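Reading through the structure tokens given below for one structure.
Derivation of every value follows stated rules applied to the coordinates shown; laboratory data play no part. Because the structure is predicted, anything quoted here is derived from the model rather than measured. In this analysis, Cβ positions are derived from the backbone assuming ideal geometry, glycine residues included, and neighbour counts consider all displayed protein chains.
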Amino acid sequence: MASENKSEKGTALRRQKAQEQGQVPRSRELSSAVTLFVVTIAISAIAASWLGPWQRFFNLALEAGQPGTDLSYPILVKTGAIVSLGVAPIALLAFVISTGMFLAQGGLVFAPQALGFKPERLNPVNNLKRIFSLRGMVPLVRSLIPAGYILWLAFSMLRRDWPAILHGSQLNTSAFLHQLMGVAFEIAWKSCLVMLIWSGVDYAVQQHDFEQSLKMSKQEVKEEMKDTLGNPTIKGRVRSMQRQMRRKFMLAAVKKATVVITNPTHYAIALEYREDMDAPTVIAKGRNLIAEQIKKVARWEGIPMVENRPLAQSLYKTVEVGQSIPPQLYTAVAEILAFIYRAQAMAAAAAAARAANNRNGGRR
């Protein structure tokens, strides 16, 4: 019942854990089949170049049998050279192809957990049960299918070419060997093709089984997200508290504002400017409800408010809290500040004049 609920694909963390345990879909048969197929084609391509060196080698070996000649050391050196020149390229090609197929199927994986000591692996009873169990017999049966088909394929081709092989005695040695090599090569590359197709199907099945083993239920995905990212409810509550604290500090900073630019209803931006500043700085901004709170603080503190819709929208969209206004807005803000300073100076002068009149009137 639990497996039926596993409808979600394996997450990246699940795949990482599987990789750390050495669980990577690989097919040894696919690597072997590709390597054997490429090596067979390579041997057929360079076999003609081997004819001359081997012919000279056999001539040297026959000369060693003549009386009074001691060519054992030259024959040994020649044999080593011919074998090296013939085998080394094929061996290097096989190594490169097998290594490339190994990396292509899952990359280079180092899994220390898979190398750990497990006492149950040394239990002969468990090993015998695994070998002779139904699950243990599946690989054996699976390998017998392509092997049986290859035997049938080889038998069919030999039966087809058997009359030609029997009459090969009428040909010279070179033609007869060429005929036998042609039959052998056909059997080899067709057998390799069968193994390649079968191993490709096997790898696809392993890949499917691996993906199925990584599947998770929705509850498992949620639990994993909680473990890696934390509880979403708690994180949301923390973010909400952080927003409230930032809003509280921002509204407290409005008390230092020189002027508040309004939209007039949607936006409110509080600017601070002192003589030691290079440019006015946005110390608070908001829209809708937060804008109303900024304007409420400005009224309570007696901070001038100026309605300028284009400037308010531009400041809100382009300047963050704590940043200075951009140079392209200097002129508009400077006009507002100059207007406010003039109004404040006029108000201060009027207040001083009223105070002086009150003092003079009191003396009379």
Test item: Cα-centred dipole of the range 251-358, Lys/Arg +1 and Asp/Glu -1 on Cβ, debye
360 debye
In sequence order, calculated HN-Hα J values of the range 94-103 (Karplus, 6.51, -1.76, 1.60; Hz; x Gly/Pro)
4, 5, 5, 5, 5, 5, x, 5, 4, 6
Evaluate the charge dipole of the range 197-325 about its Cα centre and quote only its size in Debye, nearest 20, assuming +1 on the Cβ of each Lys and Arg and -1 on the Cβ of each Asp and Glu.
920 debye
Most positive-pole-ward Cα, M250, A332, Q313, against dipole of the range 243-363 from beta carbon charges
M250
Using a simple spin-label model with points 7 Å from Cα along the Cα→Cβ vector, what separation in nm is obtained for N5 and A175?
7.8 nm
Cα gyration tensor, the range 243-363 - rounded (a/c under 1.5), prolate or oblate:
prolate
In sequence order, what are the phi-derived ³J(HN,Hα) couplings for the range 316-325 according to the Karplus relation 6.51 cos²θ - 1.76 cosθ + 1.60 with θ = phi - 60°, rounded to whole Hz, with x for glycine and proline?
5, 7, 10, 10, 8, 5, x, 9, 7, 5
Two-site label geometry, R28 and L151: point separation in nm, points 7 Å out along Cα→Cβ:
2.1 nm
Output ³J(HN,Hα) for the range 291-302: one whole-Hz value per residue in order, computed from phi by the Karplus curve 6.51 cos²θ - 1.76 cosθ + 1.60 with θ = phi - 60°, and x for Gly and Pro.
4, 5, 5, 4, 5, 5, 5, 5, 5, 5, 8, x
Pair A184, S84: separation of 7 Å Cα→Cβ label points (nm):
2.5 nm
